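Chemist: Starting off with a structure, shown below.
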Amino acid sequence: QRPPTGEELRSRIPGWGADLDPKDRPSVPRGRFDLEAGAHWDFPVRQEEEWPRERSIEHKFLTPVFGTATPPRGLSGVLRKYAYRYSEGRAAHWLILVAADRADAWENHLKSFLTLRPDNPITETGVLSEFKRHGISSRFGTKRSDLNHQWMDTIIVGAPWALAAGAGLAVNNALRRNRRR
């Protein structure tokens with residue numbers, strides 16, 4: 001069966017083809033490229049790369065100006081570079097970038113233990129505000145969206161710290177036993 005012609009569709013569907021005539025389209029003035037806008041723009045001077053940047057496979061080149069605050073390093077840098085092998089339209093690209101952010105957070109947590117002021121999970125996660133700022137009472141009788149995943153917060157935030165503390169105690173106990181022998 002052949003597809004219906006424009007005339008058949010116009011007779012059967014009210015309003016079909018109303019925008020086929022360019023004179024009737026409201027967006028036609030925007031679609032014209034011969035109008036003088038008055039804006040004159042030259043391509044800006046390109047920022048120099050201090051290290052090889054991650055590049056999207058969808059674009060020919062980097063934008064003229066880009067962020068340089070955090071060079072890729074460690075496991076998070078490897079993951080970020082790997083993510084750009086995938087198209088930005090694929091979930092793998094974004095999921096690997098999320099994993100790289102988590103890896104970067106853990107790299108910085110571990111690096112903080114080498115300093116004189118390591119991270120403090122009690123004060124920095126905001127857990128104390130639960131008791132000071134009506135945090136617990138605000139969870140009852142409301143339709144807060146974060147209540148659905150509230151049970152996971154203790155696992156995601158607290159469990160890694162508890163495991164790290166347990167591992168530290170286990171290493172400490174093992175070292176003490178070895179010294180006694």
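Okay, residues lined up against (1) among the charged types (D, E, K, R); (2) part of a helix (DSSP H, G or I):
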residue	(1), (2)
114	no, no
118	no, no
122	no, yes
130	yes, yes
135	no, no
155	no, yes
158	no, yes
171	no, yes
177	yes, yes
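Chemist: Quick check, is residue 104 of a type outside the set (S, T, N, Q), touching a His at 6+ places or on another chain (Cβ under 7 Å) and closer than 30 Å to residue 76 by Cα?
Modeler: It is false that residue 104 is of a type outside the set (S, T, N, Q), touching a His at 6+ places or on another chain (Cβ under 7 Å) and closer than 30 Å to residue 76 by Cα.
Chemist: Looking at segment 79-116 only, could you name the residues that are within 18 Å of residue 56 (Cβ to Cβ) and of a type in the set (Val, Ile, Thr)?
Modeler: Hits for segment 79-116 are 96, 98.
Chemist: Is there a residue in segment 116-126 that is open to solvent by 60 Å² or more (accessible area, probe 1.4 Å) and either acidic (Asp, Glu) or over 30 Å from residue 73 (Cα atoms) (or both)?
Modeler: Scanning segment 116-126, I find at least one residue that is open to solvent by 60 Å² or more (accessible area, probe 1.4 Å) and either acidic (Asp, Glu) or over 30 Å from residue 73 (Cα atoms) (or both), so the answer is yes.
Chemist: Something else about it: Restricting the first residue to segment 155-181 and requiring it to be open to solvent by less than 90 Å² (accessible area, probe 1.4 Å), which pairs with a second residue that is in a helix (DSSP H, G or I) meet a Cβ separation below 7 Å and a spacing of at least six or different chains?
Modeler: 161/121
Chemist: Any residue in segment 145-152 that is modelled with pLDDT under 80, of a type outside the set (Ser, Thr, Tyr) and under 26 Å from residue 110 (Cβ atoms)? Before you say what the answer is, go through the steps one by one.
Modeler: If we filter segment 145-152 for residues that are modelled with pLDDT under 80, which is where we start, we get 145-151.
Among the residues that remain, those that are also of a type outside the set (Ser, Thr, Tyr) are: 146-151.
Filter once more, keeping what is under 26 Å from residue 110 (Cβ atoms): 149.
Yes, segment 145-152 contains a residue that is modelled with pLDDT under 80, of a type outside the set (Ser, Thr, Tyr) and under 26 Å from residue 110 (Cβ atoms).
Chemist: Sticking with this structure for a sec: Identify, please: which residue in segment 1-34 is within 40 Å of the chain's Cα centre (by Cα) and of a type in the set (Gly, Ala, Ser) and is, among those, modelled with the lowest pLDDT?
Modeler: Among residues in segment 1-34 that are within 40 Å of the chain's Cα centre (by Cα) and of a type in the set (Gly, Ala, Ser), the one modelled with the lowest pLDDT is 31.
Chemist: OK, next. Quick one: how many residues across segment 119-144 are charged (D, E, K, R) and within 23 Å of residue 106 (Cβ to Cβ)?
Modeler: 2
Chemist: Could you grab me the full set of residues in segment 87-112 that are in a helix (DSSP H, G or I) and of a type in the set (Ser, Thr, Tyr)? Reasoning before the result, please.
Modeler: Initially, segment 87-112 is screened for residues in a helix (DSSP H, G or I), giving 91-112.
Result: 112, single match.
Chemist: Please find, within segment 74-111, the residue that is surrounded by the most Cβ atoms within 10 Å (Cβ to Cβ) out of those that are among the charged types (D, E, K, R) and closer than 23 Å to residue 161 by Cα. Lay out the reasoning, then the answer.
Modeler: If we filter segment 74-111 for residues that are among the charged types (D, E, K, R), which is where we start, we get 80-81, 85, 88, 90, 101-102, 104, 107, 111.
Narrowing further to those that are closer than 23 Å to residue 161 by Cα: 101-102, 104, 107, 111.
Values: 101: 13, 102: 12, 104: 19, 107: 15, 111: 12.
My answer is 104.
The values are calculated or read from the model by the stated rules, or taken from the named source; none is laboratory data. What you are looking at is a predicted structure, and each value in this text was computed from that prediction instead of being measured. Every residue, glycine among them, receives a Cβ derived from its backbone with ideal geometry; neighbour counts consider all protein chains shown. Remember, those area values only see protein heavy atoms, side chains included, never the ligands or the DNA or RNA. Shrake-Rupley method; radii C 1.70, N 1.55, O 1.52, S 1.80 Å.
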